[in-house]
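Asks: Quick one: the structure is below, and I'll ask about it shortly.
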Amino acid sequence: MPKNKSKITSGKTFNIIVSIVIATFLWVYVIAEVNPLTQQTMAAIPVQMLNVESLAKSGLALAGEQNYTVDVVIEGKRREAVKVTSAQIVVTADMAGFGKGNNQIPVSVAVPEGIIIIEIKPANINVTIEELVTASKPVTVKFIGTSTTATEPGELVISPLTVDVTGAKSLVNAVSSVEASIDINDLSNTTKTIQAVATAIDFKGEKVDKVVGSTEKVNVTGRLLSTKEVKLAVEIIGQISPMYEIKFINIPSTIKIKGDLNKLSAISEIKAEPLDISQLKVSGKLPIKPILPEGVETAYGSESLSADIGIQEMSTQKFIYNGNEIAIQGLDPALKASVKALQITVTVSGTQAIISGLVKEDVVPFVDLSGKQAGVGNIPVGLKYTKQIDGASSDPAEVFVEIAP
């Protein structure tokens with residue numbers, strides 16, 4: 001019985017092997033002789049933009065994303081289809097006739113002979129066309145690398161100072177400056193001129209593509225200067241309005257300067273133009289303008305120094321007093337007096353910390369009758385207080401007083 005079972009197993013194995021051989025033969029036959037149709041997707045084929053120059057003639061330009069791609073599904077005999085490369089698929093989009101705004105541009109696809117196009121994904125590309133504009137942008141210099149000594153570039157002369165940038169309106173508006181990058185190691189203590197590539201950049205310092213500058217090169221002349229940190233003296237002038245108080249004034253105590261080493265050795269302090277705070281009504285920063293000797297410049301980190309000044313509006317509080325709450329002082333003991341006012345309003349001002357804790361009894365209104373004789377008349381209201389308030393006033397400022405024997 002076991003012997004028969006072994007024969008059966010061997011027979012099954014033989015049948016399986018025969019089946020695999022036959023299947024392989026059929027597959028080879030189909031591929032080699034029949035050559036069936038097959039489909040494949042050619043992904044991320046770049047779109048070539050045609051007649052872009054016609055937009056410029058109409059005062060228009062492409063904006064936004066300009067590196068368009070599409071997927072193309074092709075079909076053909078297997079032997080031919082598998083040989084097709086992305087470079088053999090040509091995708092184009094014709095800009096002729098389209099105007100300002102968002103446009104759906106149909107794409108055209110060319111494929112090798114014997115290959116057909118099944119699908120284009122997407123069949124249209126979304127293209128934004130804007131007004132073509134030109135704007136003047138300042139040239140800035142960016143130094144790459146670090147100096148091995150206590151020096152940095154200075155006495156810079158840039159030519160040109162501005163570059164005209166042309167392109168789609170949104171792209172030109174995104175350009176903050178045209179940057180010239182220079183390796184700091186290309187400079188020495190002797191003046192020299194370096195020609196650098198002009199690159200349009202945005203406010204983040206990133207390159208803005210698809211815009212054209214009026215020049216591709218910028219000339220930068222300069223040399224390495226010695227640096228030194230010295231004391232900074234800033235005078236504060238003026239008084240802020242009585243309605244405000246100063247909370248803090250933070251002024252840099254030093255400034256970093258650069259110039260010839262011999263000239264810097266004689267400098268221990270730099271004075272700045274006086275800072276006038278008389279017009280301040282809100283906290284903020286006031287620019288510090290250092291007064292530099294000839295041949296001396298501010299070094300990196302000290303180009304835009306400022307004084308940080310914090311102020312706040314004074315707090316006020318009002319108290320109402322009846323006539324009998326107004327104190328009388330200096331009256332001749334032989335006389336008596338009475339205040340005929342119904343009431344007065346006293347307004348006090350000061351810091352929020354003081355005013356918030358102030359009570360009516362902390363401010364005492366009074367009239368000074370020293371040397372006064374019997375009679376009637378208006379007497380100024382005086383105010384006494386022990387708290388550190390900044391000011392107080394009475395409304396009315398005078399009260400009617402009657403003095404009798």
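Since every read-out is calculated from the coordinates, none of them should be taken as a lab result. Bear in mind the structure is a predicted one, so any value in this text is a computation, not a measurement. In this analysis, Cβ positions are derived from the backbone assuming ideal geometry, glycine residues included, and neighbour counts consider all displayed protein chains.
Asks: Quick one: how many lysine pairs does segment 113-202 have with C-alpha atoms less than 27 Å apart and a gap of 8 or more or different chains? Give me the count, please. Don't skip to the answer; put the middle values down first.
Replies: On the way: LYS137/LYS169; LYS137/LYS192; LYS142/LYS169; LYS142/LYS192.
So the count works out to 4.
Asks: If you don't mind, there's one more thing I want to ask. Which shape class applies to the chain: rounded if a/c is under 1.5, otherwise prolate when a/b exceeds b/c and oblate if not, where a ≥ b ≥ c are the square roots of the Cα gyration tensor eigenvalues?
Replies: On the way: a/c = 3.21, a/b = 2.22, b/c = 1.44.
Note, shape of the chain comes out prolate.
Asks: Using 1/(1 + (r/R0)^6) with R0 = 22 angstrom and r between the beta carbons of GLN104 and LEU50, what's the FRET efficiency to the nearest 0.05? Could you put the intermediate results ahead of the total?
Replies: On the way: r = 16 Å, r/R0 = 0.72.
Approximately 0.90, to the nearest 0.05.
Asks: Using each residue's phi in segment 47-57, evaluate 6.51 cos²θ - 1.76 cosθ + 1.60 at θ = phi - 60° and report the 3J(HN,Hα) Karplus result to the nearest Hz, with x for Gly and Pro.
Replies: Going residue by residue, I get 9, 8, 8, 9, 6, 5, 5, 5, 5, 4, 5 Hz, with x marking Gly and Pro.
Asks: Test of understanding: ordering THR166, THR13, THR151 by Cβ neighbours within 10 Å, fewest first, what list do you get? Intermediate values should be presented prior to the final figure.
Replies: Details: THR166 16, THR13 9, THR151 19.
Listing THR166, THR13, THR151 from fewest to most nearby Cβ atoms yields THR13, THR166, THR151.
Asks: Which of the residue pairs LYS285/LYS318; LYS263/LYS285; LYS336/LYS360; LYS217/LYS256 have a Cα-Cα distance greater than 29 Å in the structure shown?
Replies: In this structure, LYS285/LYS318; LYS263/LYS285; LYS217/LYS256 lie more than 29 Å apart at Cα.
Asks: Right, next: Using θ = phi - 60° and the Karplus curve 6.51 cos²θ - 1.76 cosθ + 1.60, what whole-Hz ³J(HN,Hα) does each residue of segment 286-291 get, with Gly and Pro shown as x?
Replies: For segment 286-291, the Karplus curve yields 10, x, 9, 10, x, 9 Hz.
Asks: Oh, and also: Taking the Cβ of each residue in GLU325, GLU303 as the centre, tally the other Cβ atoms inside 10 Å and list the residues starting with the fewest.
Replies: Working: GLU325 14, GLU303 9.
Fewest-to-most Cβ neighbours within 10 Å comes out as GLU303, GLU325.
Asks: Moving on to the next point. Over segment 106-181, what is the percentage of antiparallel beta bridges among all DSSP beta bridges, to the nearest 5?
Replies: Values: 8 of 12 bridges.
Beta bridges within segment 106-181, antiparallel portion: roughly 65 percent.
Asks: Right, another one. I need the calculated FRET efficiency for the pair ASN173 and GLU269, taking r as the beta carbon distance and R₀ as 35 Å, to the nearest 0.05.
Replies: Working: r = 44 Å, r/R0 = 1.25.
Using R0 = 35 Å, I get an efficiency of 0.20.
Asks: So which residue, out of SER349, SER19, SER54, gets the largest mean-square fluctuation from a GNM of the chain using Cα contacts under 10 Å as springs?
Replies: Residue with maximal mean-square fluctuation among SER349, SER19, SER54: SER19.
Asks: In degrees between 0 and 90, to the nearest 10, how far off the longest principal axis of the chain does helix 2-29 point, with axes built from Cα atoms?
Replies: That helix lies at roughly 80 degrees to the long axis.
Asks: Please compute the length gained on full extension between ALA327 and LYS247, using 0.36 nm multiplied by the number of residues separating them and subtracting their Cα-Cα distance. Walk me through the intermediate numbers first.
Replies: Values: separation 80, 0.36 × 80 = 28.80 nm, distance 3.56 nm.
Once the chain is fully extended between ALA327 and LYS247, it gains 25.2 nm.
Asks: Show which aspartates and glutamates lie in cross-link reach of LYS100 when reach means a straight Cα distance below 16 angstrom and same-chain residues fewer than eight apart are skipped.
Replies: The reachable aspartates and glutamates, counting only those whose Cα sits under 16 Å from LYS100, are GLU53, GLU65, GLU130, GLU131.
Asks: Report, by chain and number, residues whose modeled amide H sits under 5 Å from the one on ILE311, excluding near sequence neighbours (fewer than 5 apart, same chain).
Replies: Under 5 Å from the amide H of ILE311 lie the amide H atoms of LYS247, SER283, GLY284, each far enough along the sequence or on another chain.
Asks: I need the shape label for segment 125-170. Rule: rounded when a/c is under 1.5, else prolate if a/b > b/c, else oblate, with a, b, c from the alpha carbon gyration tensor.
Replies: Numbers: a/c = 7.57, a/b = 2.36, b/c = 3.21.
Oblate shape, in that a/c is at least 1.5 and b/c is the bigger or equal ratio.
Asks: Tell me, MET243, MET42, MET49 in order of fewest to most beta-carbon neighbours within 10 Å?
Replies: Fewest to most other Cβ atoms nearby, the residues stand as MET243, MET49, MET42.
Asks: How much length would be gained if the chain were fully extended between THR347 and THR191, taking 0.36 nm per residue of separation minus their Cα-Cα distance, in nm to one decimal? Don't skip to the end; give the middle numbers.
Replies: Details: separation 156, 0.36 × 156 = 56.16 nm, distance 6.73 nm.
Taking THR347 through THR191 to full extension adds about 49.4 nm, to one decimal.
Asks: Enumerate the amide H contacts of ILE182 below 5 Å, restricted to partners 5 or more residues apart or on another chain; note that Pro and chain-start residues carry no placed amide H.
Replies: For ILE182, the qualifying residues are LYS142, PHE143, ILE144.
Asks: Under 5 Å between amide hydrogens, which residues at least 5 positions from VAL163 or on another chain qualify, with H placed 1.01 Å from N in the peptide plane?
Replies: Amide H neighbours of VAL163: LYS137, VAL139.
Asks: Name all residues of segment 331-365 having a backbone nitrogen under 13 Å from the label point set 7 Å from the Cα of LYS318 along its Cα→Cβ direction, giving them as ranges.
Replies: What the label zone holds, given the 13 Å backbone N cut-off, is 344-348.
Asks: Over the Cα atoms, compute the radius of gyration (one decimal) and Dmax (the largest Cα-Cα distance, rounded to a whole number) for segment 50-104, in Å.
Replies: 16.1, 49
Asks: Using a Gaussian network for the chain with springs between C-alpha atoms less than 10 Å apart, which of these wobbles most: GLU273, GLU119, GLU229?
Replies: It is GLU119.
Asks: Something else about it: Please compute the length gained on full extension between ARG79 and ILE117, using 0.36 nm multiplied by the number of residues separating them and subtracting their Cα-Cα distance. All intermediate terms of the calculation are to be shown ahead of the outcome.
Replies: Numbers: separation 38, 0.36 × 38 = 13.68 nm, distance 1.65 nm.
Here the answer is 12.0 nm.
Asks: Could you work out the helix-only [θ] at 222 nm for the chain, with each DSSP H run of four or more residues adding -39,500 (n - 2.57) and the total divided by the number of residues, to the nearest 500 deg cm²/dmol? If you can, show how the numbers build up before the last one.
Replies: Numbers: 6 runs with 53 residues, N = 405.
Per the formula, -3500 deg cm²/dmol.
Asks: I need the phi-derived Karplus couplings for segment 294-304: 6.51 cos²θ - 1.76 cosθ + 1.60, θ = phi - 60°, integer Hz, Gly and Pro marked x.
Replies: 4, x, 10, 10, 6, 8, 4, x, 10, 5, 10
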